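The values are calculated or read from the model by the stated rules, or taken from the named source; none is laboratory data. It should be emphasised that the depicted structure is a prediction, and the values quoted were computed from it without experimental measurement. Positions of Cβ are backbone-derived with ideal geometry, glycine not excepted, and every protein chain shown enters the neighbour counts.
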Amino acid sequence: MTDVFHHYDAHLGPIYTWMLGDLAAALAGARADLNRVGIAARAGALAVDLGAGPGVYAIPLAELGYTVLAIDACAGLLNELTTHAGNLPIQPILDDLAQFRRHLTASPDVVLCMGDTLTHLPSHAVVEALVADVAAALAPGGTFVATFRDYSGALLEGPARFIPVRSDEDRILTCFLEAETATLRVHDLLHQRVEGQWRQTVSAYRKLRISPKSLQESLQTAGLTTTVEPGPRGMILVVGQRVP
């Protein structure tokens, strides 16, 4: 079992963009997600993208005029973001996303935490602390948007625990899930063709089982008005708003 930082640095990070598939389609989906929650063009405003990866959301935010702090703990993914971003106003920051406040020089108008990133945090206490920090940091009227997969209820059993993620003629990625009390143990099984031979590498880490209700309560306790609804690509969509 590895921690999530090592898992991404050594195992998933190098293939993450491949895992997404068509990057142009992923960017289009992110633009639609931002439009859905009412994030519109706003020149010069500050946005923070927590778990920015290769820039799927940071790039559309910058296209809308935001100056974006793109925070991720995987250096390889931030290098990809830099390549994709060109001259857009995006600052890649290599750090634990829970430490985002030390990089702020102003109150952000938007904070994103997309793509199941919340479940990668080490404990529910860290999630609550992050929520409190986001609520305290947001500018009046600012918006927090997160998506995550709801693992809090009944989980897959038997062969259904094996999830094919993506495959092509040279690479196959399969995910295997094991339920624990407060977490989910995720095994990523990667087969790659190297010099004509298939090679397998396996790495595992834990994800949190976060209840949508508990997250909503944490956001409301932190002072944000909150909506929770079904989101894109099978995830839960949470939007928190600071009162103007």
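Numbers at a glance
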| quantity | calculated |
| --- | --- |
| Among residues of the stretch 185-218, those that are of a type in the set (A, V, I, L, M) and more than 23 Å from H6 (Cα to Cα), counted | 1 |
| Criterion violated by R185 - all others in (1) basic (K, R); (2) modelled with pLDDT under 95; (3) within 24 Å of T17 (Cβ to Cβ); (4) in a strand (DSSP E or B) satisfied | (3) |
| Test: S203 is surrounded by 15 or more Cβ atoms within 10 Å (Cβ to Cβ), part of a strand (DSSP E or B) and of a type in the set (S, T, N, Q) | yes |
| Yes/no for V243 being of a type in the set (V, I, T), in contact with a Ser or Thr (Cβ under 6 Å, 6 or more places away or on another chain) and within 28 Å of G38 (Cβ to Cβ) | no |
| Out of T221, T225, sole residue that is surrounded by fewer than 17 Cβ atoms within 10 Å (Cβ to Cβ), over 28 Å from H7 (Cα atoms) and either touching an Asp or Glu at 6+ places or on another chain (Cβ under 9 Å) or modelled with pLDDT under 95 (or both) | T221 |
| Criterion (surrounded by 12 or more Cβ atoms within 10 Å (Cβ to Cβ), among the β-branched types (V, I, T) and under 21 Å from the mean Cα position of the chain (by Cα)) met by exactly one of I172, I163 | I163 |
| Residue count, the stretch 194-223 (criterion: without any contact (Cβ under 8 Å) to a residue 40 or more places away in the chain, in contact with a strand residue (DSSP E or B) (Cβ under 6 Å, 6 or more places away or on another chain) and in the same structural domain as L121 (by TED's automatic domain parsing)) | 2 |
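Residues are listed down the side, and each one gets a yes or a no for (1) surrounded by fewer than 22 Cβ atoms within 10 Å (Cβ to Cβ); (2) closer than 21 Å to G234 by Cα:
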site	(1), (2)
L20	yes, yes
L27	yes, yes
V48	no, no
V56	no, yes
G76	yes, no
L97	yes, no
D109	yes, no
L112	no, yes
G115	no, yes
